[in-house]
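Below is one structure; the comments refer to it alone.
The values are calculated or read from the model by the stated rules, or taken from the named source; none is laboratory data. Quick caveat: nothing in here was measured; it's all calculated off a predicted structure. For neighbour counting, all protein chains shown are included, and Cβ atoms are generated from backbone atoms with ideal geometry for every residue, glycine included. The protein model used for the area step is the full one, side chains on, heavy atoms only, and it has no ligands, DNA or RNA in it. Shrake-Rupley method; radii C 1.70, N 1.55, O 1.52, S 1.80 Å.
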Amino acid sequence: MGKRPNFLIFMVDQCNGTLFGEDGPADFLKVPNLRRLYGEGVNFANTYCASPLCAPSRASFMSGLLPSRTGVYDNAAEFASSIPIFAHHLRKSGYETILSGKMHFVGPDQLHGFEKRATTDVYPADFGWTPDWSNPDERIDWWYHNLGSVTTAGVAETTNQLEYDDEVAFYAKQSLHQLSRTERDQPFCLTVSFTHPHDPFVTRQKYWDLYPEDELPPLNDTAIAYEDQDSHSKRLFDMSDWRNFDVTEQNIIDSRRAYFGNISYIDDKIGEILETLKACDFDDDTIILFVSDHGDMLGEKGLWFKMSFFEGSARVPLLLHTPNQFAAATVSTPASTLDVFPTLVDLAGGEVPAELDGISLVPALNGETGDRVVFSEYAAEGSIAPMVMLRQGKFKLNVCPADADRLFDLEADPHERINLAQDPAYSETHQALRAQVDSAYDFESYSQHVMVSQQQRLTVYEALRNGSYSPWDYQPLPLASERYMRNHKDLNVLEGAARYPRYKDSET
């Protein structure tokens with residue numbers, strides 16, 4: 001086997017995939033670094049997350065398995081350490097695997113296959129955010145989303161999340177510097193996972209100013225009155241405590257303006273890391289992947305955040321940039337974040353496990369595309385029974401035992417206004433797609449597994465919080481005794497080893 005590629009994975013949080021369509025980033029977005037990558041890479045323009053919520057989606061992105069198989073149903077479900085992810089497979093084959101940033105591991109295994117983890121996470125690792133389907137009308141105020149993120153949108157020099165992503169970028173660049181100084185001929189996989197543009201919708205002044213109010217794109221759809229919403233959207237309205245917030249038109253404008261500003265903020269951070277990649281001479285043999293865990297509705301149909309199967313929530317950007325290997329292209333065939341694991345293993349020359357729900361995208365990189373069925377699932381807050389989305393060709397079908405089916409033709413109706421499930425003209429299509437869902441899912445069993453998991457975790461969380469508490473949150477512990485100048489190495493050896501390029505290299 002020849003020299004294997006390095007991997008640099010950029011994961012962002014809650015980035016609406018409709019902003020990264022067939023032509024790459026939307027024209028109004030100020031994202032020069034991403035625009036360059038899209039111009040040179042392969043854009044999978046119709047990619048869906050495995051679940052429109054952080055932890056379930058991320059566990060699936062890493063494992064190549066749907067949430068119904070990982071057991072990560074919501075943001076407080078344990079990601080079992082026995083489930084291998086791409087980091088395990090790459091590490092097993094000789095890669096150095098590093099994580100800087102968020103991955104929302106829940107449970108005591110906070111490395112989950114990564115050899116090194118440069119930062120702590122931005123979210124808790126315990127069972128505190130467990131939904132309770134036994135009390136479907138209960139709103140858990142202390143951790144449920146509410147519309148305060150919308151009504152308080154605006155400008156700030158720093159926030160909890162800005163501080164976090166500044167740190168993520170710093171440690172990502174430091175990781176590249178450290179990798180550049182090693183003499184081992186070992187490929188690496190560096191995953192850099194930001195928490196933006198996830199709400200709250202607050203950005204720094206310089207990014208706010210990039211998007212003047214009169215230049216913002218209009219909403220793709222107007223708000224729909226609560227009584228006219230579909231049943232799941234009504235539940236999302238109630239979950240977000242909509243009756244206690246007066247969301248004005250200015251709040252909507254400010255929220256979108258800050259959201260777009262934070263996409264530009266992330267683009268700047270990506271640019272800094274790409275500069276470091278080049279300065280360390282890794283750019284010619286590093287494959288770059290850009291993806292999000294899920295999207296954000298951004299006020300369309302009156303909905304915010306994620307947790308639905310509408311395009312703004314369930315569709316995500318996915319880009320593969322492969323220097324000197326695959327020609328720039330756009331792939332319109334539906335894809336899934338489940339495909340990342342098998343694609344990375346395939347590109348590294350490994351054997352893709354047969355049991356995965358995702359597939360390798362390497363054939364698509366070579367121009368080979370065909371018909372594809374993509375599934376997404378949801379079984380967390382705001383739901384009362386498991387929900388499944390199927391995308392095939394131009395059609396999307398949403399199925400939930402508690403709700404009526406919803407069928408959309410995304411070519412004729414890209415904003416999903418017209419439910420075709422009861423239209424006699426689409427009866428054959430509806431039945432064929434529904435048969436695929438019914439063949440793949442036993443909803444009664446699925447629902448029972450979710451409820452048992454919830455009750456077990458609610459019991460464990462209450463017990464572990466009673467008395468002395470030992471948190472699972474990852475605590476980075478740098479080995480200070482071997483950093484900078486200590487007595488563990490000859491000073492001349494240490495100084496030379498800490499320099500890139502090395503002094504002798506700079507003379508040649």
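Points to keep in mind about this one:
- Matching option when the condition is under 27 Å from residue 454 (Cα atoms) and touching a Lys or Arg at 6+ places or on another chain (Cβ under 9 Å), among 388, 374: 374
- Test: residue in the stretch 374-394 that is modelled with pLDDT under 95 and basic (Lys, Arg): no
- Cβ-Cβ under 6 Å pairs, at least 6 apart or on other chains, the stretch 141-158 side at pLDDT 90 or above, far side open to solvent by less than 20 Å² (accessible area, probe 1.4 Å) and aromatic (Phe, Trp, Tyr): 149/201; 153/201
Here is a yes/no grid of residues against (1) of a type in the set (Phe, Trp, Tyr); (2) within 18 Å of the chain's Cα centre (by Cα):
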| site | (1), (2) |
| --- | --- |
| 28 | yes, no |
| 34 | no, yes |
| 50 | no, yes |
| 54 | no, yes |
| 66 | no, yes |
| 74 | no, yes |
| 80 | no, no |
| 83 | no, no |
| 87 | no, yes |
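- Residue check, residue 17 at pLDDT 95 or above, closer than 26 Å to residue 306 by Cα and either surrounded by fewer than 23 Cβ atoms within 10 Å (Cβ to Cβ) or in contact with a strand residue (DSSP E or B) (Cβ under 7 Å, 6 or more places away or on another chain) (or both): yes
- Residue among 471, 478 that is touching an Asp or Glu at 6+ places or on another chain (Cβ under 8 Å) and part of a loop (DSSP other than H, G, I, E, B): 471
- Qualifying residue in the stretch 441-451 (condition: open to solvent by 60 Å² or more (accessible area, probe 1.4 Å), farther than 18 Å from residue 107 by Cα and in a loop (DSSP other than H, G, I, E, B)): yes
- From 233, 180, 193, residue being of a type in the set (Gly, Ala, Ser), open to solvent by less than 40 Å² (accessible area, probe 1.4 Å) and touching a strand residue (DSSP E or B) at 6+ places or on another chain (Cβ under 9 Å): 193
- Of all residues in the stretch 70-84, those satisfying the criterion of being surrounded by fewer than 23 Cβ atoms within 10 Å (Cβ to Cβ), within 27 Å of residue 349 (Cβ to Cβ) and touching a residue at least 12 places away in the same chain (Cβ under 8 Å) are 81, 83, 84.
- Verdict on residue 41 being closer than 22 Å to residue 472 by Cα and buried (at least 23 other Cβ atoms within 10 Å of the Cβ): no
- Scanning the stretch 452-485 for residues that are under 16 Å from residue 78 (Cα atoms) and touching a residue at least 12 places away in the same chain (Cβ under 8 Å) gives 453, 454, 455, 457, 458, 460, 461, 464, 471, 472, 473, 474.
- Subset of the stretch 129-177 (residues that are touching a Phe, Trp or Tyr at 6+ places or on another chain (Cβ under 9 Å) and open to solvent by 70 Å² or more (accessible area, probe 1.4 Å)): 152, 177
- If you go through the stretch 80-114 and pick out every residue that is on the phi > 0 side of the Ramachandran plot and β-branched (Val, Ile, Thr), you end up with 0.
- All helices (runs of 4 or more DSSP H) inside the stretch 181-297 with 3 or more residues being touching a residue at least 24 places away in the same chain (Cβ under 8 Å) and either among the β-branched types (Val, Ile, Thr) or under 26 Å from residue 96 (Cβ atoms) (or both): 249-279
- Filter result (open to solvent by 10 Å² or more (accessible area, probe 1.4 Å) and within 30 Å of residue 232 (Cα to Cα)) within the stretch 283-300: 300
- Qualifying positions in the stretch 484-504 - open to solvent by 70 Å² or more (accessible area, probe 1.4 Å) and not hydrophobic (A, V, I, L, M, F, W, C): 484, 486, 487, 488, 489, 490, 492, 495, 499, 500, 503, 504
- Pair list, Cβ < 6 Å and 6+ apart or interchain, from the stretch 412-428 residues that are of a type in the set (S, T, N, Q) to residues that are outside any helix (DSSP H, G or I): 419/406
- Residue that is nearest to residue 381 (Cα to Cα) [pool: residues in the stretch 258-282 that are open to solvent by 30 Å² or more (accessible area, probe 1.4 Å) and within 21 Å of the chain's Cα centre (by Cα)]: 268
- Filtered residue count, the stretch 100-125, keeping only those that are among the small types (Gly, Ala, Ser) and without any contact (Cβ under 8 Å) to a residue 60 or more places away in the chain: 1
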